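This report refers to the structure that appears directly beneath it.
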Amino acid sequence: MEWNFLAVLRDFDLLILGLLNTLKVTGLALLFGVPLGLVLALSRLSTIRVLSGVAGFIVEFFRTTPPLVQLFWFFFALPILVDVRMTPLIAAVVTFSIQSSAFFAEIFRGGILSIDKGQWEGAKAIGMTYGQSLRRIILPQAVKRMIPAFMERSIELLKTTTLVSTVAYTDLMFQANELAQKTFRPLEVYTVVAVIYFVLIFVFSQASIWAEHRLAKSGEGTVR
Amino acid sequence: MGHTWDFATILQNWPVLWVGIKGTVFIFVITVVLGLGGGLVVGVARYAKSPFLSWPARAFVEVFRNTPVLVQIIWFFYAFPILTGIETDPFLAAVLGISLNTMAFSAEIYRAGIQSIDRGQWEAGKAIGMTYNQTLRRIILPVAVKRVLPALTNRGIEVFKMSTLASVVGYVETLNQAKLIADLNYNPIESYTAVALIFFVVLFPVVQGTYVLERMLRKGD
């Protein structure tokens, strides 16, 4: 057994392309997932029973079903149900946006609930509406407390995006499969790809640990 | 929406799906036992004072926590046999990937649990003549494990969901069988919906159970 990285290095640009696509899917899922998570959290906290019930169901359903099943459902089943042209990218973004929004919703909910009730009352007392209190008083404090949990979830999302390779989206994992077949060097290809993911995720998780320490020092409790 | 839902084809193919469900349960039981059990060993090693124990444990945890589990499964399926000469079938590759990943995550949970125990407990153990190992086993771990029970249950839920990834390397489990049924009967909607519902019905009560458990522990502490 001899390691030979030459074949991998020669086609390294394929892996770079895959990496960019991985980041693209992660970024788009965050872009849609975070606002959707906020909407779900506010709905779940709402006093309107139907609204909180529906939001609660969506959150629990997407948290308790495997993301790969969700991806297959959106890719293979949804186009039959509604007339849309489904591409691997759209399926991936839709799946991971909704899936991560369910988790983000719980982070938002925990953050909002952690804010003292007096803050709501104080805002109301000086004549703010619900929306104003939320935007100006509650969320700025809640979001700060949520940052570590939020970063952890984003890292989980980045790892989960490897699943898109199963519906033939050219992410890093998919490119690795292609390259391994092309070069007959699965050992080197998959090891290099594992290292790329490791470096990427390690940097992000160190950043999140750093942020957590900073927030702990400034006296902001961290909510999970 | 012109689709008429027809779950009859799923029921007709129930034996096919049942094979998959058994496969899911089988791999779940093995990976959850190995993962949570091995995690305890790694967690204790990670906490140890000796750098010969704590550093390898730390390296293990960082590697397996900072790479996607699908990459691990595929690495064990395609790369590991070349490196070691040990042939891995889909089952073994999936078990290695999922178990080692779970070990790394649960090790950190156990470590947090051990760290949360008051120093006085260690000193008390020492004062009545217990060795490090005795104190750990008889005093620290029983309380620590109880405290982290909700986090461990959450890990168990993750393992159950992760088992679907074994289908990527061709292990026969629920999702794999659903794909088979969908391809043969042209009913992806019903097939994949059925799988989603199966997971939801199993895991929803467990998730609710963890909430109850959390509340009970908070009261007890």
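Going 7 Å from the Cα of residue B:126 along its beta-carbon direction, which residues of the range B:28-72 have the amide nitrogen within less than 13 Å of the resulting point?
What the label zone holds, given the 13 Å backbone N cut-off, is B:49.
Please compute the Kirkwood hydrodynamic radius of the range B:155-200 from all pairs of different C-alpha atoms, in Å with one decimal. Each step should come with its number before you reach the end.
Numbers: mean 1/r = 0.0913 Å⁻¹.
Across the range B:155-200, the inverse of the average 1/r is 10.9 Å.
Name the residue from B:97, B:125, B:187 whose Cα lies farthest towards the positive end of the charge dipole of the range B:9-220, charges +1 on Cβ of Lys and Arg and -1 on Cβ of Asp and Glu.
Comparing the listed Cα positions along the dipole, B:125 ranks first.
Please work out the C-alpha center-to-center distance from the range B:78-144 to the range A:20-81 and express it in whole Å.
Their Cα centres are 34 Å away from one another.
Can you compute the equivalent ellipsoid semi-axes for the range A:59-145, i.e. the square root of 5 times each eigenvalue of the Cα gyration tensor, sorted largest first and rounded to whole Å? Provide the component values of the computation, followed by the final result.
Numbers: eigenvalues 284, 38, 18 Å².
For the range A:59-145, the semi-axes come out at 38, 14, 10 Å.
With a 1.4 Å probe and all protein chains kept in place, how do B:5, B:75 rank by accessible area, largest first? Can you show the working numbers first?
Numbers: B:5 120, B:75 50 Å².
Reading off the accessible areas and sorting them downward yields B:5, B:75.
Specify the inter-centroid distance of the range A:3-17 and the range B:145-221, based on alpha-carbon positions, in whole Å.
Comparing the Cα centres of the range A:3-17 and the range B:145-221, I get a distance of 37 Å.
By the scheme Lys and Arg +1, Asp and Glu -1, what is the net charge of all other residues having a beta-carbon under 9 Å from that of residue A:179?
Values: positive: A:182, A:185; negative: A:11, A:178.
For residues surrounding residue A:179, the net value is 0.
In the Gaussian network model of chain B, springs joining C-alpha atoms below 10 Å, which of B:30, B:98, B:128 carries the largest mean-square fluctuation?
Result for chain B, Cα springs under 10 Å: B:128 fluctuates most.
Assigning unit charges at the beta carbon (Lys, Arg +1; Asp, Glu -1) and nothing else, what dipole magnitude in debye, to the nearest 20, does chain B show about its Cα centre? Let's see the in-between values first.
Numbers: 18 positive and 13 negative charges, 240 e Å.
Magnitude of the dipole: close to 1160 debye.
In the range B:196-221, which residues give up 40 Å² or more of accessible area once the other protein chains are added, compared with their chain alone (1.4 Å probe)?
B:196, B:200, B:211
Among B:212, B:171, B:140, pick out the residue whose Cα is farthest towards the positive end of the charge dipole of the range B:137-219, where Lys and Arg carry +1 and Asp and Glu carry -1 on C-beta, about the Cα centre.
Positive-most Cα among the choices belongs to B:140.
Going by accessible area, probe 1.4 Å, with all protein chains left in place, what is the ranking of B:80, A:150, A:72, largest first?
Details: B:80 40, A:150 60, A:72 15 Å².
Largest to smallest exposure gives the sequence A:150, B:80, A:72.
Between B:164, B:135, B:102, where does the largest GNM mean-square fluctuation fall for chain B, given springs only between Cα atoms within less than 10 Å?
Comparing B:164, B:135, B:102 in a Gaussian network model of chain B, the most mobile one is B:135.
Which residue, chosen from A:163, A:42, A:175, occupies the Cα position most advanced towards the positive end of the dipole of chain A, where the dipole is computed from +1 (Lys, Arg) and -1 (Asp, Glu) charges on Cβ about the Cα centre?
The listed residue farthest towards the positive side: A:42.
Just to be sure I understand: with springs between alpha-carbon atoms less than 10 Å apart, which residue in A:197, A:130, A:169 has the highest mean-square fluctuation in the Gaussian network model of chain A?
A:130
Rounding to the nearest 20 debye, state how big the charge dipole of the range A:68-224 is about its Cα centre with +1 on each Lys and Arg Cβ and -1 on each Asp and Glu Cβ.
Working: 15 positive and 11 negative charges, 94 e Å.
For the range A:68-224, the charge dipole is close to 440 debye.
Could you estimate the translational diffusion coefficient of chain A from the Stokes-Einstein equation, with Rh from the Kirkwood formula over C-alpha pairs, at 10 °C and 1.306 mPa s, in whole µm²/s? Walk me through the numbers on the way to the answer.
On the way: Rh = 19.6 Å.
After rounding, the answer is 81 µm²/s.
Per DSSP H run of n ≥ 4, the term is -39500 (n - 2.57); total these for chain B, divide by its residue number, and report the mean residue ellipticity at 222 nm rounded to 500 deg cm²/dmol. Don't skip to the answer; put the middle values down first.
On the way: 12 runs with 170 residues, N = 221.
Computed mean residue ellipticity for chain B: -25000 deg cm²/dmol.
Please report, in cubic angstrom per residue, the volume enclosed by the convex hull of the alpha-carbon atoms of the range B:9-220.
On the way: hull volume 28.4 nm³, N = 212.
Spelled out: Cα convex hull of the range B:9-220, divided by residues, is 134 Å³.
Let me confirm one metric for peptide B:56-64, namely the mean number of other chain beta-carbon atoms within 10 Å of its residues' beta-carbons. Intermediate results must be reported in sequence, preceding the final value.
Numbers: counts 0, 0, 0, 0, 0, 0, 5, 4, 1.
The mean count of partner-chain Cβ atoms within 10 Å per residue comes to 1.
Using a 1.4 angstrom probe, figure out how much accessible area the range A:6-217 has per residue, in square angstrom, rounded to the nearest whole.
Numbers: 9860 Å² over 212 residues.
With all protein chains present, the range A:6-217 gives 47 Å² per residue.
Would you list A:143, B:159, B:41 from the most to the least accessible area, probe 1.4 Å?
On the way: A:143 60, B:159 0, B:41 100 Å².
Putting A:143, B:159, B:41 in descending order of accessible area: B:41, A:143, B:159.
What residues in the range B:75-121 lose 50 Å² or more of accessible surface when the other protein chains are added to their chain alone (1.4 Å probe)?
B:75, B:82, B:83
Partner chain Cβ atoms within 10 Å, averaged over the residues of B:159-168 - can you pull that number for me? List each step's numbers first, then the result.
On the way: counts 0, 2, 7, 3, 2, 8, 6, 0, 5, 7.
Averaged over the peptide's residues, the number is 4.
For the interface of chains B and A, what total accessible area is buried with a 1.4 Å probe, rounded to the nearest 100 Å²?
Values: alone 12570 and 12670 Å², together 21720 Å².
Interface area, both chains combined: 3500 Å², rounded to the nearest 100.
Only Lys, Arg, Asp and Glu count, each charged at its Cβ (+1, +1, -1, -1), so figure out the dipole size of the protein assembly as shown about its Cα centre, rounded to 20 debye.
Numbers: 38 positive and 28 negative charges, 358 e Å.
It comes to approximately 1720 debye.
If N is the number of residues in the protein assembly as shown, what value comes out of its Cα radius of gyration divided by 2.2 N^0.38 Å? Kindly include the intermediate steps, with their values, before the conclusion.
Details: Rg = 23.3 Å, N = 445, 2.2 N^0.38 = 22.3 Å.
That works out to 1.04 for the protein assembly as shown.
Do the alpha carbons of any pairs in B:22/B:161; A:217/B:219; A:159/B:161 sit beyond 19 Å of each other, and which pairs? Before the final figure, lay out each step's value.
Numbers: B:22/B:161 15 Å; A:217/B:219 28 Å; A:159/B:161 14 Å.
Pairs exceeding 19 Å: A:217/B:219.
In peptide A:140-152, what is the residue-averaged number of other protein chain Cβ atoms found within 10 Å of each Cβ?
Values: counts 0, 0, 0, 0, 0, 0, 0, 0, 0, 0, 0, 0, 0.
Mean number of neighbouring Cβ atoms from other chains: 0.
Over the range A:6-217, with every protein chain in place, what whole percent of the accessible area is carbon and sulfur at 1.4 Å, could you tell me?
68 percent
The values are calculated or read from the model by the stated rules, or taken from the named source; none is laboratory data. Since the model is a prediction, treat every value here as computed from it, not as a measurement. Methodologically, a virtual Cβ is constructed for each residue, glycine included, from the backbone with ideal geometry; neighbour enumeration extends over all protein chains shown. We work out accessible area using only protein heavy atoms, side chains counted, and drop any ligands, DNA or RNA first. Shrake-Rupley method; radii C 1.70, N 1.55, O 1.52, S 1.80 Å.
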